[in-house]
1. Filter segment B:216-234 down to the residues that are of a type in the set (A, V, I, L, M, F, W, C), over 18 Å from B:ALA44 (Cα atoms) and part of a strand (DSSP E or B) and list them by number.
2. Which members of segment B:29-58 meet the condition of being within 14 Å of another protein chain (Cβ to nearest Cβ) and either within 15 Å of B:HIS203 (Cα to Cα) or without any contact (Cβ under 8 Å) to a residue 12 or more places away in the chain (or both)?
3. Please work out which one of (1) out of contact with any His (no Cβ under 8 Å at 6 or more places or on another chain); (2) loosely packed, with under 14 Cβ neighbours inside 10 Å; (3) more than 17 Å from B:PRO42 (Cβ to Cβ) is the condition B:ILE187 fails and give its number.
4. State which residue is farthest from B:VAL102 (Cα to Cα) when the search covers only segment A:273-329 and only residues that are more than 19 Å from the chain's Cα centre (by Cα) and of a type in the set (Gly, Ala, Ser).
5. Within segment A:205-233, can you find the residues that are farther than 18 Å from B:PHE95 by Cα and at pLDDT below 95?
6. Would you confirm whether or not segment B:87-101 contains a residue that is more than 20 Å from B:ALA163 (Cα to Cα), without any contact (Cβ under 8 Å) to a residue 60 or more places away in the chain and in contact with a His (Cβ under 6 Å, 6 or more places away or on another chain)?
7. Scan segment B:226-251 and report the pairs whose first residue is aliphatic (A, V, I, L, M) and whose second residue is assigned to a loop (DSSP other than H, G, I, E, B), with Cβ atoms within less than 6 Å and a gap of 6+ or a chain change.
8. Among A:VAL242, A:VAL213, which is the only one that is surrounded by 22 or more Cβ atoms within 10 Å (Cβ to Cβ), within 14 Å of chain B (Cβ to nearest Cβ) and closer than 24 Å to A:VAL132 by Cβ?
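The values are calculated or read from the model by the stated rules, or taken from the named source; none is laboratory data. Please read all numbers here as calculations on a predicted model, not as lab measurements. Heads up, the Cβs are rebuilt from the backbone with ideal geometry, glycines too, and the neighbour counts pull from every protein chain shown.
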Amino acid sequence: MRRRRFLPTLLLMWVGVLAVLLASLCLGRYPVAPKTVLQVLISRFAPIARTWDPTVETVVWQVRLPRALAAALVGAALSSGGAVFQGLFHNPLVSPYVLGVSSGAGFGAAVAILLGASAAITQASAFATGAVAVSLTWLIARSGRDRSHVTLVLAGFVVGSLFASLVAGAQYVADPSTKLPQIVFWLMGSLASVQWADLLRGTLIVVPCLLGVTGLRWKLNILSMGDDEARSLGENPWAMRVILVGLTTMATASSVALSGVIGWVGLVVPHLARGIVGPDSRKLIPASIALGAVYMMLIDDVARTLTMGEIPLGVLTGIIGAPIFALLLRQNRSDWN
Amino acid sequence: MEQFRLSVVDIQDLGFAYGEATVLHDLTMAAVPREVFAIVGPNAAGKTTLLRCIERILTPRTGTIRIDGRDLKSLSARDVSRRAASVPQSHAPAFPYAVQDVVLMGRNPHLGVGAQPGAHDVAVAQEAMKELGIYGIATRPYTQLSGGQLQLVLLARALAQEAHVLLLDEPTAHLDFRNRHLVLSTIRDLAVRRGLTVIMTVHDPNDAMQYADRVGLVSDGGLIALGTPDEVLTADNLGRLYGMPIDVLTDGTRRVIVPGTDS
């Protein structure tokens, strides 16, 4: 594999993040010129003459900016989460979702929607049940004699199935004309209704978690050597795994609370990142965060501009993600053996 | 106290069991700096378990293990890994890390929780790679190496730990004839040059005969003989150890162990 210098690559990725962010603010049913977008943004912090229609301001500042930032946040959380889990479990097919967090959070959201709760309560409920689901997975895995990865993944499968059944139950009793579409749309993922307040709540949890994971990324390399070797390299693999899984799960649960369930991102983006910067977690984690933000903003742009209506994000990430993933598997097979 | 200064690894009355199954019992031995101590025994004799107790991956049921006079029980995992480095018998690569990144992982015991390896750590890792002659492949993915090269990479990682005790579990298990001798003579050189205390398990007593300073014969979890290769690796002892007739042939200076003929 050719080795590029890492810092310029990462810098380029962050330039990409800003470029895509700017594009996301311009694109839409109501196109705004990049220059006007910049002026609107600057006018928030500096007194400059307002030469544009107030509608433009609403579209850019109240609708598109929180939505694009939320997309970036969710993409960064899901992608880095995938990279962390793949390192911890030495498996290309895992993401934080394997521990049952998505079905758990889905159930919490479905119940809140059934009860007619506000958006904030729905998010809180999704976060809480997502966390409960992972804790349950953890307890089941710990109660077994075998504390291997496989036990944890199987426990996650059990808990995920349980909550999937509960979600199906909630859908069955939901009013088909009002509540059911809401639940279904949420389960397929959407950022359409994101407000600044939602974004702020998400940021307060996701950003500290991402900083924590970034700070511990070297330990991921050590843990990927397997538990025995990690131990002889002076690490306590079980404790370090608890911390990393905990941080990743918190970030994932709060992004699921923000955007609903969006699959595939945590699988596809770390693979892309690995292809660019290599497998070293010291580079992979920062690259996954930046690329995840770019990827999710682009997906969300497609979701809201491709048709007259909104396409659910989960549908798009699946349609785009599956072929990309298949292609990556074909090309980079050697990465995994 | 005299003994502590000399014997870096000091094992007294060691016992270990998985549940009810006793694996090691009443095992007492010591290994000193600049020596290669080989543990010879049949499969399932408890050789690997012994190494894992010295690494403190396993906790002994009875007895004590001291490194430089310090009881392992009183040391943290990080402290142990600064004193004893190990090369595993088999390694399943997870990701195609570059050779230099794998060697750099040996610096982990010297890094704090949130720390990354710095310039000094890189220098130590490069030194280790140069010493083992693998600096030329530093940027190659370690998943594409031959068995002998991989063994040298893992050995370099252990050297980067800068521990004075080096533990090797059947270092030649998957190697061809040439690589086997390359790896073992490298280990011998390191013991002398770096003043390391090397403890290794071997499955072929010939490896111990040629490359060890002292040998311990392990059978059913206990030490049945201890001494120099010439003293310990006799036809008699080996015959009892493996339960088969064994001959030791010699050309006057060197000795070779071969299966014996019934007569």
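1. B:LEU226
2. Selection gives B:THR48, B:THR49, B:LEU51, B:ARG52, B:ILE57.
3. Every listed condition holds for B:ILE187 apart from (2).
4. Filtering segment A:273-329 for residues that are more than 19 Å from the chain's Cα centre (by Cα) and of a type in the set (Gly, Ala, Ser), the one farthest from B:VAL102 (Cα to Cα) comes out as A:GLY309.
5. A:ILE205, A:ARG231, A:SER232
6. yes
7. B:ILE246/B:GLY260
8. A:VAL213
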